[in-house]
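Below you'll find the structure, written out as structure tokens, and then a few comments.
The values are calculated or read from the model by the stated rules, or taken from the named source; none is laboratory data. These figures come from a predicted structure and were not determined experimentally. Cβ placement follows ideal geometry from the backbone for every residue including glycine, while neighbour counts extend to all protein chains displayed.
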Amino acid sequence: MAPHPKQPDAAASAHEAASVHEPASVHETASAHEDAAAARARRIVRVEGRVQGVGFRISTLMQAERLGIVGTVRNLTDGSVEADVEGSPEPLAQMVAWLREGPPSARVDSADAREAAPRGATAFRII
């Protein structure tokens, strides 16, 4: 009597079937996107002092670009500036520290930062 040919085990068959229907790249792409989103943080920083009319916003844009930070900066009607900044934790901390000092032409009296959920901004803009 001839031996029975080896039957593939059920786990191997299920793995092969999954591989046919869902390429590994789909999982890798989703995982990379989730990791990138999880690694981002966002802060909204309100800066008070002599911060309007002194180049604060353009200096903020240049610093953000140096650090790879995205978001916005704008003048508020009360004379303060609001920076909405997003990025990886280390560069984001550096950006918030810079906002607390400002450019040489400014005088920062206070800078209050609050956490916010990342929005997925892709560039830095002055608004």
For this session: Output the number of the condition that GLU86 fails; it satisfies all remaining conditions of (1) surrounded by fewer than 17 Cβ atoms within 10 Å (Cβ to Cβ); (2) without any contact (Cβ under 8 Å) to a residue 60 or more places away in the chain; (3) touching a Gly at 6+ places or on another chain (Cβ under 7 Å); (4) not polar (S, T, N, Q).
Result: (1)
Exercise. If only one of ARG107, ARG100, ARG114 is under 15 Å from ARG43 (Cβ atoms), more than 17 Å from the chain's Cα centre (by Cα) and of a type outside the set (Ser, Thr, Tyr), which one is it?
Worked result: ARG100
For this session: Can you work out which of the residues in the range 89-125 that are acidic (Asp, Glu) and touching a residue at least 60 places away in the same chain (Cβ under 8 Å) is surrounded by the fewest Cβ atoms within 10 Å (Cβ to Cβ)?
Result: GLU115
For this session: Exactly one condition in (1) modelled with pLDDT under 95; (2) assigned to a helix (DSSP H, G or I); (3) of a type outside the set (S, T, N, Q) is not met by LEU61; state its number.
Result: (1)
